[in-house]
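A short worksheet on the structure shown next.
The values are calculated or read from the model by the stated rules, or taken from the named source; none is laboratory data. The model shown is predicted, which means the values in this text are computed figures rather than measured ones. Methodologically, a virtual Cβ is constructed for each residue, glycine included, from the backbone with ideal geometry; neighbour enumeration extends over all protein chains shown. For the accessible areas, the whole protein counts, side chains as well, though only heavy atoms, and no ligand, DNA or RNA atoms are used. Shrake-Rupley method; radii C 1.70, N 1.55, O 1.52, S 1.80 Å.
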Amino acid sequence: MNRTETSSQALDAHPAMNAMTSEEDLARVLDGIYRKHHRAVFRLALRYGAGNEAWAEDIVQDVFVKLIDHLAHLEDPDDLGGWLYRVTTRRCFRKLERDRFLDLPLVRTCLRFLGDAATPAPEAQWFARQDLERTRQALERLPPKQRLVVCMVHLDGRTQQEIGEILGMSKSYVCKLLGRGLHRLHEELDA
Amino acid sequence: MSAEDPIERLVALDRALAPSSDTVERVRRRLERRAFQTPLRARLRVWPMLAFAAGAVVMALAMRPAVAPVAPAILDARAPTVPTPVPETKPVCARLETGTHPLQPAACHEADGVVVTAILPSMLDRQGSTLELMRGESMFEVKPRPHDPLRVRAGEVEIVVLGTKFIVQHDLYGGHVFLIEGRITVRMGSGDVQELGPGQQLSWSGPSEPPSPKSKVRKAPKASPPRDERELASILEEIHQLRRAKQFGRAVERLRAVEHGSWSPRAQQVLSYEIGTLLDRQLHDVAAACEHWAKHQRRFPGGRFSGPVADAMQRLACESGSRGGNFPQPRD
């Protein structure tokens, strides 16, 4: 396992962005960036969405739409990979928090969402065939903050300081979330 | 690391994650459509700025004092539009033409950045940038004119001004100049040149003797100023030094300490005027200045500084109730 090859490092800057001189070039430049970076962005979104492809699709579209607005004003165009990583992570974090709120029993009752979880998603069936369903469920059961911190540290090789800056948390809080997340993950998978 | 290690299993899960080609292509098409909508989106981004600018213009128009009534014109086109009287913030001065002009008290004349306000009935002659106060007492407010100094003559005395505010009194028996702001140079008939600072004054005697026997009595004090005048000059000099040191608060305290001594009415007015000028111009304490100017007007109704004091109260927008006349009787 090569943990040094992180998702953000795979998101390199697209050289065509520098060639964008007018609004007509935007579609062409965006298409080039999307073709180059969509795998890394999708992987982040699928990871935090616990393999839910529809969930990840919304995130990826939101991230690239935001990129359209910020493409001409990026402070560091060479760090497009870093920008996409930060924005995708934050979007996932916000969406997870929102989903968690919507999943509260009272809210679900109000929204008449009760009973939706009965049918397993097609992705769950595919992961079950790959013997990864248990891991996916354990990851899905982690609270959003712990899920992001564990993945960012152990899958992306991010430091606690970097995670704190991206998610707007203190380093000590990130450390605490990491400890709790790992402990819970061990409990889920060792049981 | 064993195969049961949770982190290993997480990595395996992460590697297995990949979107379907349909999903990737679907998002790509949506983004393409979105990119072509961007010009419109860019235009929409200007709307908040336009809305803000429009709001600012509406607010400016709403807060502007009404100049002409609009509603009557809309309701009845035949009704004559009578302009609403706009409260004047500054008195309109008559044009000071070349030649000799009699000036009535409180009337002001203006020309080339010079405003002359008569304190007592005066006779003024203008020839270009030279004004001659032939008799009377007037206040001169001169806007800065570094390249074209104004010359004000009073008898044999010539005052050279680059921009200041001062009062000149002159008659057959002499006169004086009292500087309110700035700095002036006074050339006496004897050729002596003196420079005056704010609060300083200079007196001179006239060429004619007074026709009455009292003239001798009058001349004597000129040669040897009374104690009152000497003390006043000393205090004004002290205040001038404090002004130069920018110790305006101490200057006010000093003036208030000596203000209620046994002074002549004229000296009392000068000291009171000094306090008000310090509060108004140097300390910018509007409330205190208004209170003091109101008190000054009560103490010296129709006094020698009533014109400048009224102007100052108008400029500071002192409450109408604090203006002279409406006040209760002075307590002091």
Exercise. Output the number of the condition that B:F178 fails; it satisfies all remaining conditions of (1) touching an Asp or Glu at 6+ places or on another chain (Cβ under 9 Å); (2) within 23 Å of B:A233 (Cα to Cα); (3) open to solvent by less than 30 Å² (accessible area, probe 1.4 Å).
Key: (1)
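Yes or no, residue by residue, for (1) hydrophobic (A, V, I, L, M, F, W, C); (2) at pLDDT below 85:
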position	(1), (2)
A:S22	no, yes
A:D25	no, yes
A:G32	no, yes
A:R47	no, no
A:N52	no, yes
A:P77	no, yes
A:D103	no, yes
A:T109	no, yes
A:A118	yes, yes
Quiz item: Would it be correct to say that B:L131 is open to solvent by less than 90 Å² (accessible area, probe 1.4 Å) and at pLDDT 70 or above?
Solution: yes
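Suppose the filter is exposed (fewer than 10 other Cβ atoms within 10 Å of the Cβ) and at pLDDT 80 or above; does B:G99 pass it? Show your work before the answer.
On the way: exposed (fewer than 10 other Cβ atoms within 10 Å of the Cβ): yes; at pLDDT 80 or above: yes.
The answer is yes for B:G99.
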Practice problem: Output the residues belonging to region B:274-305 that are without any contact (Cβ under 8 Å) to a residue 60 or more places away in the chain, assigned to a helix (DSSP H, G or I) and not hydrophobic (A, V, I, L, M, F, W, C). | Solution: B:G276, B:D280, B:Q282, B:E291, B:H292, B:K295, B:H296, B:Q297, B:R298, B:R299
Quiz item: Taking region A:153-191 only, how many residues are within 14 Å of chain B (Cβ to nearest Cβ) and among the acidic types (D, E)?
Solution: 4
Practice problem: Tell me which residues, restricted to region B:5-33, are more than 7 Å from every other protein chain (Cβ to nearest Cβ) and open to solvent by less than 40 Å² (accessible area, probe 1.4 Å). | Solution: B:D5
Self-check item: Single condition A:W55 does not satisfy, out of (1) more than 12 Å from chain B (Cβ to nearest Cβ); (2) open to solvent by less than 30 Å² (accessible area, probe 1.4 Å)
Solution: (1)
Quiz prompt | Selection within region B:115-153 - touching a residue at least 12 places away in the same chain (Cβ under 8 Å) and assigned to a loop (DSSP other than H, G, I, E, B) | solution = B:G128, B:S129, B:K143, B:P144, B:R145, B:P146, B:D148, B:P149
Quiz item: Can you tell me which residues in region A:161-181 are within 17 Å of the chain's Cα centre (by Cα), surrounded by fewer than 22 Cβ atoms within 10 Å (Cβ to Cβ) and assigned to a helix (DSSP H, G or I)?
Solution: A:E162, A:G164, A:E165, A:I166, A:L167, A:L178
